[in-house]
Amino acid sequence: MEAMILAAGAGTRLRPLTDEMPKALVEVGGRPLLGRIMDRLVDAGATRIIVNTHYYEDRIRDFLDSHGPAGVDILISPEPEGPYDTGGGLFRAEPLFLGLQPFLLHNVDVLSTVPLRELLDEQARENGRRDRRVVASLAVQEREARRRLLFDDLGLMGWENRGSDRAPVGRQEVREPVGTVRPFAFTGIHAIDPSIFRLTHRAGAFSIVDLYLELAARGWVIHPMDVSEEEWIDIGTPERLREARRRYAE
């Protein structure tokens, strides 16, 4: 099974800590975030892991050379003119994928108990159940968040933003809703079918969520898997980092 870790970000909100190291190597419970995410992916069955890099690429390479899991192929996808955001980073790494089966995509700054193997199985079940191909399955939660994705009986159909700096405030529906519309917060963990690489000509830096919305408007299915009962924290601010370290210390 293949997987990719998005690790090219600068972690500007964690400064001054990230003035001297990449966000991917910030430690929680005595282990860098990148190492923790690799552990989770290997436990889920990953035998080939792609890591994109930009800031402090040499430090990340050194870590992977000395701490890469045994028996797992580790590949680097450098972004010298990046970073290219979540979607652009994924598509730049396309040549490194074997492209045979659905793969996991995981943010490096997200720690959780989300069952990664179950997410892949959910993607396979949905592909078999529906009469058109499911492009991706997203791990989502019912929790408070400034930006949430909107899902109906078919899948992703819009978004709402109540103050996130990543999108304008408001709400957008990319198609007519079918059945009940529910807002979910996204965890930054995806199971993706390799067919996604054939469905757009986007290049450069772009958000994968924007691509998902574009595909949903065109009739492709982006499926939610509700993992509200699972623990989840993103290490995006010093406060979140302190909280994560406290949890792991306990």
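Observations, loosely collected:
- Residue list for the stretch 191-225, restricted to those being under 16 Å from Leu150 (Cα atoms) and in contact with a strand residue (DSSP E or B) (Cβ under 6 Å, 6 or more places away or on another chain): Tyr212, Leu215, Ala216, Trp220, Val221, Ile222, His223, Pro224, Met225
- For Thr180, the criteria (1) hydroxyl-bearing (Ser, Thr, Tyr); (2) over 23 Å from Leu34 (Cα atoms); (3) touching a strand residue (DSSP E or B) at 6+ places or on another chain (Cβ under 6 Å) hold in every case but one, which is (3).
Yes or no, residue by residue, for (1) in contact (Cβ under 8 Å) with a residue 40 or more places away in the chain; (2) of a type in the set (Asp, Glu); (3) closer than 28 Å to Leu211 by Cβ; (4) touching a Cys at 6+ places or on another chain (Cβ under 9 Å):
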position: Met1; (1), (2), (3), (4): yes, no, yes, no
position: Ala8; (1), (2), (3), (4): yes, no, yes, no
position: Pro16; (1), (2), (3), (4): no, no, no, no
position: Pro22; (1), (2), (3), (4): no, no, yes, no
position: Pro32; (1), (2), (3), (4): no, no, no, no
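- Considering the stretch 226-250, and only residues there that are surrounded by 14 or more Cβ atoms within 10 Å (Cβ to Cβ) and among the basic types (Lys, Arg), the residue that is nearest to Phe151 (Cα to Cα) turns out to be Arg240.
- Candidates in the stretch 96-114 are the residues that are more than 14 Å from the chain's Cα centre (by Cα) and either among the hydrophobic types (A, V, I, L, M, F, W, C) or modelled with pLDDT of 95 or more (or both); of these, the one that is farthest from Ile37 (Cα to Cα) is Leu100.
- Of all the residues in the stretch 46-67, those that are touching a strand residue (DSSP E or B) at 6+ places or on another chain (Cβ under 8 Å) and crowded, with 17+ Cβ neighbours inside 10 Å number 12.
- Between Ala70, Ala10, Ala3, the distinction of being touching a strand residue (DSSP E or B) at 6+ places or on another chain (Cβ under 8 Å) and modelled with pLDDT under 90 belongs to Ala10 only.
- Qualifying residue in the stretch 123-131 (condition: surrounded by fewer than 18 Cβ atoms within 10 Å (Cβ to Cβ), out of contact with any strand residue (DSSP E or B) (no Cβ under 8 Å at 6 or more places or on another chain) and either among the hydrophobic types (A, V, I, L, M, F, W, C) or within 30 Å of Tyr248 (Cα to Cα) (or both)): yes
- Residue within the stretch 122-137 that is under 17 Å from the mean Cα position of the chain (by Cα), part of a helix (DSSP H, G or I) and over 18 Å from Ala216 (Cα atoms) present: yes
- Counting residues in the stretch 48-70 that are polar (S, T, N, Q) and in a helix (DSSP H, G or I) gives one or more.
- Some residue of the stretch 182-198 being loosely packed, with under 14 Cβ neighbours inside 10 Å, in contact (Cβ under 8 Å) with a residue 24 or more places away in the chain and among the β-branched types (Val, Ile, Thr): no
The values are calculated or read from the model by the stated rules, or taken from the named source; none is laboratory data. These numbers were taken from a predicted model, which means no experiment stands behind them. Please note: Cβ atoms are built from the backbone with ideal geometry, for glycine as well, and neighbour counts cover all protein chains shown.
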